[in-house]
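The values are calculated or read from the model by the stated rules, or taken from the named source; none is laboratory data. In this text, all values refer to a predicted model and were calculated from it rather than measured experimentally. Heads up, the Cβs are rebuilt from the backbone with ideal geometry, glycines too, and the neighbour counts pull from every protein chain shown. Protein only, heavy atoms only, side chains kept; ligands, DNA and RNA dropped before computing areas. Shrake-Rupley method; radii C 1.70, N 1.55, O 1.52, S 1.80 Å.
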Amino acid sequence: MYIEDYSLYMRTTLLGYLALLSVGVASFYFFIGVFYYGRSSGDVEYATVILFSGVTLYLIRQGQYTAACLVQFVMVNGIVFYYAYYDVADDDYLYFLCCALGALVLFGHNDRKLSLWAVLFTLALFVISYTGIFGYRPRSDGFHPFFNFIFVFAACVLILQYTMRLHYHSEKITQAKNIQLQKVNSELDRFVYSASHDLRAPLSSLLGLIELARKTNDRQELEKYLELMNGRVHHLDDFIKEIIDYSRNERMEVVRQPVNLHLLVEETTSHLMQLDGASDIEIHNEVPVDMILPSDAMRLKIILNNLMNNAIKYHDQNKESRYIRILASPTGFSVTDNGMGIPVEHHDKVFNMFYRASDKSKGSGLGLYIVRESLGQLGGSVSLKSELGHGSTFTIQLPQ
């Protein structure tokens, strides 16, 4: 049986070893009684231990871990209680402490209520066996050892419970870091492959245009080549900016401060007016002038820049009236345009790294991925509503 969870695997292994140890101890005392004393006074008890331990091992093999724990726990407590109740001369009641601590470990942090009931059950059996209630005589050594045991019992349970909580939270932190590391490694592989291609493509294009420019003496043709070179350089510059945004979002701490969203939209708009076709688009900043968001200004600027940049790049030239509208909401804002729109089959994929919805895409496929990752750092989210030929709406949800 394969167990993916490491903590459960370790507890299952421990339970299996304890069951085997129980079988070994019972068999040892049985044969000692037979060969040394010529008889065995605990045949029934030993057979009970072996039988229940065998059931425990069977349940473990079937993947029934909780049931196996319960069987072994009840059996061990029953045997310890039997000897502690009827054999008042010995210190058999000390084994109750092992039963309680074992229950805490075996049931684990996820079954805290069950482990608590198990501890209380063990404690109740100790009280019954020590005080001799229900008709049997109490121990002759008084109640001073009784209270000492109760105090030691409580202290050991608290110490182990606290240690297990620390271990549980450390394990969760480690698991989260491992998941994040796997995600980073996967994205790094894709990033290196795609980024190298997107960086080399415009450079190769530039080299080709330079060679063509060297071979011509026609002024108009030379101007055409220079304009194409200029476009390639701008494309490369945009891609490098996206890489910088990606790096800053991944590595810089979130700095929450009051951000005037209206002014941030105005600032972003002024920086984007240099893009082709931006002057033909009406940009409506409908965010209230006094709207303040407690957030990270750098990441909000990255989010706005990428959303508005895409809206400008993919505007619909066939429409006479083109617009981008930025609206405020109680939990964030939205960016709406009446551009080309995105087909429904691409809605779940456009936020993936280097994903392009069509061969006509002008960008690198990093923009919307950076939007999603930036919002992830802020504890927010992004949703998309879009229809091909009718435009798109990106809704940003931010934590209050």
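See the values below:
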{"item": "Residues satisfying the stated conditions in the stretch 262-271, i.e. among the hydroxyl-bearing types (Ser, Thr, Tyr) and open to solvent by less than 10 Å² (accessible area, probe 1.4 Å)", "result": "Thr268"}
{"item": "Hits in the stretch 225-261 (condition: in contact (Cβ under 8 Å) with a residue 24 or more places away in the chain, over 31 Å from the mean Cα position of the chain (by Cα) and either open to solvent by less than 30 Å² (accessible area, probe 1.4 Å) or over 28 Å from Pro330 (Cα atoms) (or both))", "result": "Arg232, Val233, His235, Leu236, Asp238"}
{"item": "Of the criteria (1) among the small types (Gly, Ala, Ser); (2) buried (at least 21 other Cβ atoms within 10 Å of the Cβ); (3) free of Cβ contacts under 8 Å to residues at least 12 places away in the same chain, which one Gly376 fails", "result": "(2)"}
{"item": "Within the stretch 111-131, considering residues that are open to solvent by less than 80 Å² (accessible area, probe 1.4 Å) and out of contact with any Phe, Trp or Tyr (no Cβ under 9 Å at 6 or more places or on another chain), the one modelled with the lowest pLDDT", "result": "Asp111"}
{"item": "Verdict on Ile303 being open to solvent by less than 30 Å² (accessible area, probe 1.4 Å) and either in a loop (DSSP other than H, G, I, E, B) or in contact (Cβ under 8 Å) with a residue 60 or more places away in the chain (or both)", "result": "yes"}
{"item": "Filtered residue count, the stretch 324-353, keeping only those that are touching a residue at least 24 places away in the same chain (Cβ under 8 Å), closer than 28 Å to Leu263 by Cα and open to solvent by 30 Å² or more (accessible area, probe 1.4 Å)", "result": "6"}
{"item": "From Gln274, Gln220, residue being free of Cβ contacts under 8 Å to residues at least 60 places away in the same chain, part of a loop (DSSP other than H, G, I, E, B) and surrounded by fewer than 19 Cβ atoms within 10 Å (Cβ to Cβ)", "result": "Gln274"}
{"item": "Criterion violated by Ile292 - all others in (1) under 17 Å from Leu398 (Cβ atoms); (2) touching a strand residue (DSSP E or B) at 6+ places or on another chain (Cβ under 6 Å); (3) surrounded by fewer than 19 Cβ atoms within 10 Å (Cβ to Cβ); (4) in contact (Cβ under 8 Å) with a residue 40 or more places away in the chain satisfied", "result": "(4)"}
{"item": "Residue within the stretch 173-183 that is open to solvent by less than 40 Å² (accessible area, probe 1.4 Å) and either over 26 Å from Tyr355 (Cβ atoms) or part of a helix (DSSP H, G or I) (or both) present", "result": "no"}
{"item": "Selection count, the stretch 132-150, where residues are open to solvent by 90 Å² or more (accessible area, probe 1.4 Å) and either at pLDDT 75 or above or touching a Gly at 6+ places or on another chain (Cβ under 9 Å) (or both)", "result": "0"}
{"item": "Members of the stretch 1-57 found to be of a type in the set (Phe, Trp, Tyr), under 26 Å from Phe107 (Cα atoms) and modelled with pLDDT under 85, listed by number", "result": "Tyr2, Tyr6, Tyr9, Tyr46"}
{"item": "Qualifying residue in the stretch 342-358 (condition: within 24 Å of Arg251 (Cβ to Cβ) and assigned to a helix (DSSP H, G or I))", "result": "no"}
